[in-house]
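Peer 1: One structure coming up, written as structure tokens, with questions to follow.
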């Protein structure tokens, strides 16, 4: 394989981040160089329509990973959403990538994984350590929070007039999912060696949840306030909304840790990497409110 024409594979390609990465990759390189791996190819016809090759790969099935990674030069490992099982799943991917001779793994970790107080950081840090001992060159995309984690419930906030959380007045340096997708593309297509690079990725500006509520209220012309709750009460509220207990626990922990600065970063590494400012909160709120509620 010519180094100037690497084949790039994106795991979890039919997820929200994966789809954005694929769409942006094919704006930078020929679609014939891009491979989308998904658990079932039947669920990725939209990706196939873009001209990329779609391969079946399951994080829990090493044999499927061996087949999917054949001929791959650079790989984006998008972290699994199977909280509690992610280390073994990611390990399967890393080991298969090594067997396939992949020259670079870019991994979507979490902001300041090595020092973070977030409960979810443990699995990311364990994955980073697996990468370190694998011998495969790797780059860490330590992603901060997606602004859409909050704006995805903008319509509900307008309907109920409230945003719940445990973040107090902690500042959150979130960025749009598209910003993080552009960062992944920049690393995967770079002509500079990326092995050993660690990127602490976060939005250019930060906001409190009270400021988020104010922005939604401003744009919707409806009253929306932020109500701060103790972590256990916020978790119970999330469970009451229908979230699984493990997810509710993770979100409540993350919100409470945001009060201590766990989701804040002012290094501007993300905008530097993508060569433009990250999307402003007002932009992401506007996009969310313009989308019809589910």
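Peer 1: Taking a spot 7 Å from the Cα of residue 81 along the direction of its beta carbon, which residues of segment 156-177 have an amide N less than 13 Å from it?
Peer 2: Zone members listed by number: none at all.
Peer 1: Give the shape of segment 1-158 as rounded, prolate or oblate, defined through the alpha-carbon gyration tensor: a ≥ b ≥ c are the square roots of its eigenvalues, a/c under 1.5 means rounded, and otherwise the shape is prolate if a/b is larger than b/c and oblate if not.
Peer 2: oblate
Peer 1: Please report how far the C-alpha centroid of segment 117-190 lies from that of segment 257-294, rounded to the nearest whole angstrom.
Peer 2: Segment 117-190 and segment 257-294 have Cα centres separated by 10 Å.
Peer 1: Using a Förster distance of 25 angstrom, determine the FRET efficiency expected from the C-beta separation of residue 5 and residue 88, and round it to 0.05.
Peer 2: E between residue 5 and residue 88, to the nearest 0.05, is 0.15.
Peer 1: Let me check against my output: what whole-number percent is the relative contact order of the chain, with C-alpha pairs under 8 Å and at least 6 apart?
Peer 2: 18
Peer 1: Using the count of nearby Cβ atoms within 10 Å as a rough guide to exposure, how do 264, 69 rank from fewest to most?
Peer 2: Placing the least packed residue first, the sequence is 264, 69.
Peer 1: Ok, one more. On C-alpha positions alone, give me the angle between the axis of helix 245-258 and the longest principal axis of the chain, in degrees, nearest 10.
Peer 2: 70
Peer 1: Largest first and in whole Å, what are the equivalent-ellipsoid semi-axes of segment 140-185 based on the Cα gyration tensor, each being the root of 5 times an eigenvalue?
Peer 2: In descending order, the three semi-axes are 25, 14, 6 Å.
Peer 1: If you stretched the chain out fully between residue 31 and residue 236, how much longer would it get, using 0.36 nm times the residue separation minus the C-alpha to C-alpha distance?
Peer 2: Stretched fully, the residue 31-residue 236 segment lengthens by 69.2 nm.
Peer 1: Also, I was wondering about something else. In degrees from 0 to 90, rounded to the nearest 10, what is the angle of the helix 86-100 Cα long axis to the longest principal axis of the chain?
Peer 2: 20
Peer 1: Note the angle between two axes, namely the Cα long axis of helix 231-240 and the longest principal axis of the Cα atoms of the chain, as a number of degrees from 0 to 90, rounded to the nearest 10.
Peer 2: The answer is roughly 80 degrees.
Peer 1: I would also like to ask the following. Between residue 129 and residue 246, how many nm apart are label points set 7 Å from Cα along the C-beta direction?
Peer 2: So the label points at residue 129 and residue 246 sit 2.0 nm apart.
Peer 1: Further question on the same structure: Cα centroids of segment 218-242 and segment 34-59: how far apart, whole angstrom?
Peer 2: The two parts, judged by their Cα centres, are 37 Å apart.
Peer 1: Could you give the nm distance between label points at residue 192 and residue 214, where each point is 7 Å from its Cα heading toward the beta carbon?
Peer 2: Once both label points are built, they end up 3.7 nm from each other.
Peer 1: Between residue 45 and residue 16, what length in nm is gained on full extension when 0.36 nm per residue of separation is reduced by their alpha carbon distance?
Peer 2: Full extension of this stretch gives 8.9 nm more.
Peer 1: Next question, about the same structure. What is the spin-label model distance, in nm, from residue 162 to residue 272 if the labels are put 7 Å beyond Cα along the C-beta direction?
Peer 2: With each label point 7 Å from Cα toward Cβ, the separation is 4.2 nm.
Any read-out appearing in this document is the output of simple, stated calculations on the displayed coordinates, not a laboratory observation. What you are looking at is a predicted structure, and each value in this text was computed from that prediction instead of being measured. All Cβ positions, even for glycine, are placed from backbone atoms using ideal geometry, and neighbour counts span all protein chains on display.
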